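Visitor: Here you go, one structure.
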Amino acid sequence: MTMTTAKRPVASPAQCRAARALLRWTQGQLAQQATVARKTVADFELGNRSLHRRTRLDITVALEAAGIEFIWAADGEGVRFARKMPVVQLVPDVEAAASAIRRATA
């Protein structure tokens, strides 16, 4: 782990639940994106299990990649949609767009 990731804040169980709700993701979808088991996500969100920092970082990064921005402030924590959408979501499926245009102009 680098110094950058060692000091980087990671999602709390409440932030994880809230972020999933914003994205309308199931625990299984988050687990797949973070490459962890669904039970790991479920136990973490319920506070039944303390995760390794690396696993919490994987969950945090997966949620950020989907467009979630974490808020860590002295008066509380939270989540919101990021002001800028991730590059992955800004680039449309070029082939699907081209196909739709071809159908519309045929």
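Visitor: Could you please give the count of residues in segment 22-72 that are in a helix (DSSP H, G or I), under 9 Å from the mean Cα position of the chain (by Cα) and in contact (Cβ under 8 Å) with a residue 40 or more places away in the chain?
Guide: Number satisfying all stated conditions: 4.
Visitor: Does Ala31 satisfy the criteria of being modelled with pLDDT under 95, buried (at least 19 other Cβ atoms within 10 Å of the Cβ) and at negative phi?
Guide: Details: modelled with pLDDT under 95: no; buried (at least 19 other Cβ atoms within 10 Å of the Cβ): yes; at negative phi: yes.
No.
Visitor: Among the residues of segment 40-57, write down those that are hydroxyl-bearing (Ser, Thr, Tyr) and modelled with pLDDT under 95.
Guide: Matches in segment 40-57: Ser50 only.
Visitor: Residues being within 17 Å of Gln15 (Cβ to Cβ) and either loosely packed, with under 15 Cβ neighbours inside 10 Å or small (Gly, Ala, Ser) (or both): count how many of those fall in segment 34-51.
Guide: So the answer is 7.
Visitor: Moving on. Pull up segment 65-80, narrow it to residues that are touching a strand residue (DSSP E or B) at 6+ places or on another chain (Cβ under 7 Å) and within 17 Å of Gln29 (Cβ to Cβ), then point me to the one that is modelled with the lowest pLDDT.
Guide: Gly67
The values are calculated or read from the model by the stated rules, or taken from the named source; none is laboratory data. Note that the structure is predicted; figures quoted are calculated from it, not measured. All Cβ positions, even for glycine, are placed from backbone atoms using ideal geometry, and neighbour counts span all protein chains on display.
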